1. Around residue 308, under 15 Å between beta carbons, what's the net of Lys plus Arg minus Asp minus Glu among the other residues?
2. Over the Cα atoms of segment 173-226, what is the Rg over Rh ratio if Rh follows Kirkwood?
3. Rounded to whole Å and sorted largest first, what semi-axes of the equivalent ellipsoid does the C-alpha gyration tensor of segment 166-312 yield via the square root of 5 times each eigenvalue?
Amino acid sequence: MAAFFSRSSRALPYVTGAAVLGAGATYYASRPRIQLESAQNAPTPALSFPSSMPFPKKITVTDVEQVNHDTKKITFSLPGGDSQVSGVPFGSAILTSHWPENGWLPVFRPYTPISAPDDRGTLQLLVKQYPKGRASSHLHSLIPGSTLTVRGPIPAYTWQRSTTPRELVLIAGGAGITPIYSMARGILSDPEDQTRIQMFWGVNSTKDIVLGKELEQLEQQYPSRLRVTFCVSGAEVKPDAVELAEPGRYKKGYVSSESLREAITRAKAGGWGDAKGTKVFICGPPAMEEAIAGKTGWLGGEYGVAKKEIHAF
Ligand SMILES: Cc1cc2nc3c(=O)[nH]c(=O)nc-3n(C[C@H](O)[C@H](O)[C@H](O)COP(=O)(O)OP(=O)(O)OC[C@H]3O[C@@H](n4cnc5c(N)ncnc54)[C@H](O)[C@@H]3O)c2cc1C
């Protein structure tokens, strides 16, 4: 799939039928099962692939929360209310579109919901605004009652649960946290899945840790299955975090080779890789992905991880 951070130029191909239909079979095999409370009130998916590609849906803003200097959490209600779930499997994105004022063409952009696939009646996006960003500025302009046109879900990684213990390394950079968080929560919330996750999230500043509480909650809920390390590269690092309060939890600097070494050693001891052999999931800026998972990156070199064992969103 397109690298998350070269996303603007890659958004358009998502609307092309060929790419979308080609991935259809994979998506259907991977759709999460919806827990039915009873046959009568079984929720239906608001979005389903491929029918929601040509026939978009409108979702309505119910809440907007400014979570830091550049990011908003936007909550939407689904067209069918509580009788629906989003239908977006974890790790997958939806395709938003809007017509810019005086624009000749609509602007399409993918966003990964941070709500769970089986949340009734609601879908939540976490959107970072880029200076002059067309879609992100539009999304940041929405207020309760505004509507947004969405298509999808865009097929993503086909996850297979593991009933025996397995280790994964998940790496996010900046706003690339949304698919990584979504994958982690989806895997952890399956009680039959024994996958254990070591997650690294590289941010410029602790201000950028916009899903910190949610990740902390997951860690508390699944202490033996999730371990998160925040790598803070800017000057401002949580005071005393490294030395005192939370040893190992906050690291100064980028997600580095040294940071990963310990995780990989642990992963190797515990049965590294999911049922399909994928060992590392990564989503971040190109420079970060290149340094870690590129041709001459540490994973391939120092740690001997093959390209096919790495999934980049
Ligand atoms: C599968 C997928 C899922 C995604 N999920 C999310 C999500 O959950 N939340 C989220 O906030 N974004 C997400 N994105 C990114 C999103 O699709 C847009 O690309 C992003 O919001 C910027 O679009 P824009 O129209 O606002 O900016 P544009 O109008 O395309 O660009 C405006 C300016 O911003 C700069 N810019 C754009 N993107 C970046 C970037 N990544 N880094 C640095 N500068 C940039 C451009 O260079 C340009 O100068 C996802 C992308 C993909 C591929």
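Every number here is computed from the coordinates shown, using simple stated rules; none is lab data. Just so we're clear, the structure is a prediction, and the values are computed from it rather than from any experiment. For neighbour counting, all protein chains shown are included, and Cβ atoms are generated from backbone atoms with ideal geometry for every residue, glycine included.
1. Overall, the nearby charge balance is +2.
2. Expressed as Rg/Rh, it is 0.97.
3. Equivalent ellipsoid semi-axes, largest first: 22, 19, 14 Å.
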